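Scroll down for the structure; my scribbles are underneath it.
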Amino acid sequence: MTTTRTKLRAGAALALALGACTFATAAAAQDCTTKVGAVLPTSVDWGRPIAETAQWVVDQVNEAGGVNDCPVEMILRDTQVDPKVGVDAAKALVDLDGVQLLIGAVSSGVSLPILTSVTVPAGVMQISCCTSSTALTDLAREGKTEGLWFRTFATSGVQAAVGAKVAQDQGWEKVAVFYKNDDWGQDIGSLVAQNLEAMGIEVTAQVAINDGQPSYRAEAASALSGQPDAIYMALYPNEGTATAREWLALGGTQNMILANSLKSEEFRENVGMQYLENAWGTDTASPRADSATAFVDAYEARFDGPPNGPGLANSYDATMIGLMAMEAAGEGATGAEIAAAVPRVTDPEGTPVTADAAGFAQAAEIFAEGGTVMYQGATGNVRFDQYGDVSAPAVIWQFTEDGIEEVEYLSLEDVNAFMASLQD
């Protein structure tokens, strides 16, 4: 194992640049498999790249010799962004496949019931790329996650603050808020309304949007009655498209603020670029660091295009950190033991390792010697607080005819300062 991984440290970067996906390793010859579970929304267009990114990490780890000398198999199940489907998928992975590490889910409304009804009761570690509700922070603060919960995506507070900043920057004085009627939507919708009001901007309506309705005309009409200058939309592409169409058909303003869930080609194409020229999106962002740039370059080499969709860098880091923690915890580790090993992966005083096959191989050797590493990932040097949360920089973006354009970058210091100003 050591020989394979030592060679990888020297050659993995070149291999990845040339597009090599797998090659024979010592682990491939072993008669063992390390199983991890993934619950991700592969049935929606923006969810498939998130899952593909997670699988890419698994491929890289297998290039590096696998986890504890065994090749990794990621068993992927589709959540359809539906809590019941997600819980059923997670139960199958835990009860039938016996996974001790679960990657996912996307959406707080799916991640939260999986955490409370599946992973915590079973003692399985759960790490999400794309869950932001502060309700999970509250659970962790109350001790109800039992240290088994981590996420590489910042809480809703970041996007809610930046969304309010957009309204302020544009000079909009009255804003109506549409939010998805689930844990995530209720959380971010409430936070952005509080922030807008703290800045002296009138919130004319807070309108819940439920899945699967034949029409959202009544909801759009209700929001229109307050004559807002702009609307804020914390929705997913399907209901977001339907709501936007009804809103525009009734003569509503084209001034829009969009949560990152609408950072989707599906939404842009189905609503129409001609109606989105004054739509301003928000998202968390990777820091302007070498490791983040390296991820973009490697992603483009692997997938023949930039990582423009939501959650891709976060998916990479969630998967790699989870697998490194499995390596650090040792063969046959329980979910609790894997979770307890996460600080060995993200130690500020540890040996810096890169986010690729060579970095995993180097980390494995360091763990074998009892050491720790400082993982330098797609979202920078990831740091979890005592609740499994991370903070992050942010971006303001707009749609273009060809994709997404970043308009403004806010550093972590900028974000924290602006959020603090809302409390003054």
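The values are calculated or read from the model by the stated rules, or taken from the named source; none is laboratory data. For clarity, every value in this text was computed on a predicted model and none was experimentally measured. Reconstructed Cβ throughout: ideal geometry from the backbone, glycine too, with neighbour counts over all protein chains shown. For the accessible areas, the whole protein counts, side chains as well, though only heavy atoms, and no ligand, DNA or RNA atoms are used. Shrake-Rupley method; radii C 1.70, N 1.55, O 1.52, S 1.80 Å.
The table for this structure:
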{"quantity": "Inter-probe distance in nm under a simple model that places probes 7 Å from Cα toward Cβ, at residue 266 and residue 250", "calculated": "2.4 nm"}
{"quantity": "Residue-averaged [θ]222 nm for the chain, counting only DSSP H segments that reach four residues, each worth -39500 (n - 2.57)", "calculated": "-13000 deg cm²/dmol"}
{"quantity": "Karplus-derived HN-Hα couplings along the range 187-203 (A = 6.51, B = -1.76, C = 1.60, θ = phi - 60°), whole Hz, x at Gly and Pro", "calculated": "5, 6, x, 5, 5, 5, 5, 4, 5, 4, 5, 5, 8, x, 9, 6, 9"}
{"quantity": "Exposure of residue 32 as accessible area (Å², to 10), given a probe of 1.4 Å and all protein chains", "calculated": "40 Å²"}
{"quantity": "Relative contact order computed over the chain (Cα-Cα under 8 Å; 6+ residues apart), in percent", "calculated": "18 percent"}
{"quantity": "Unit charges on C-beta of K, R, D, E only; dipole of the chain, Debye", "calculated": "420 debye"}
{"quantity": "Three-way shape label, the range 355-424, alpha-carbon gyration tensor, a/c 1.5", "calculated": "oblate"}
{"quantity": "Mean projection area, nm², convex hull over Cα of the range 97-234", "calculated": "9.5 nm²"}
{"quantity": "Amide proton proximity set for residue 80, modelled H, under 5 Å, gap of 5+", "calculated": "42, 43"}
{"quantity": "Translational D in µm²/s for the range 246-390 (Stokes-Einstein at 20 °C, 1.002 mPa s, Kirkwood Rh from C-alpha pairs)", "calculated": "123 µm²/s"}
{"quantity": "Listed residues 145, 354, 310: farthest to the positive end of the dipole of the chain (Cβ charges)", "calculated": "145"}
{"quantity": "Per-residue ³J(HN,Hα) for the range 213-225, Karplus 6.51 cos²θ - 1.76 cosθ + 1.60, θ = phi - 60°, Hz, x for Gly and Pro", "calculated": "6, x, 8, 10, 5, 4, 5, 5, 5, 4, 5, 5, 4"}
{"quantity": "Dipole magnitude (debye, nearest 20) for the range 295-366, charges at Cβ of Lys, Arg, Asp, Glu", "calculated": "140 debye"}
{"quantity": "Anisotropy class of the range 166-291 from Cα gyration tensor, a/c 1.5 cut", "calculated": "rounded"}
{"quantity": "Two-site label geometry, residue 290 and residue 274: point separation in nm, points 7 Å out along Cα→Cβ", "calculated": "4.9 nm"}
{"quantity": "Above-threshold pairs, the threshold being 26 Å between Cα atoms, out of 144/165; 180/263; 144/263; 35/180; 35/263; 84/180", "calculated": "144/165; 144/263; 35/180; 35/263"}
{"quantity": "Estimated translational D of the range 229-326 in µm²/s (Stokes, Kirkwood radius over Cα pairs; 37 °C; 0.692 mPa s)", "calculated": "214 µm²/s"}
{"quantity": "Global geometry of the range 31-89, whether rounded, prolate or oblate, following the gyration tensor of its Cα atoms and the 1.5 cut on a/c", "calculated": "oblate"}
{"quantity": "Using distinct alpha-carbon pairs, which all enter the 1/r mean, Kirkwood radius of the chain in Å", "calculated": "21.8 Å"}
{"quantity": "Positive-end residue of 396, 252, 325, charge dipole of the chain with Cβ unit charges", "calculated": "325"}
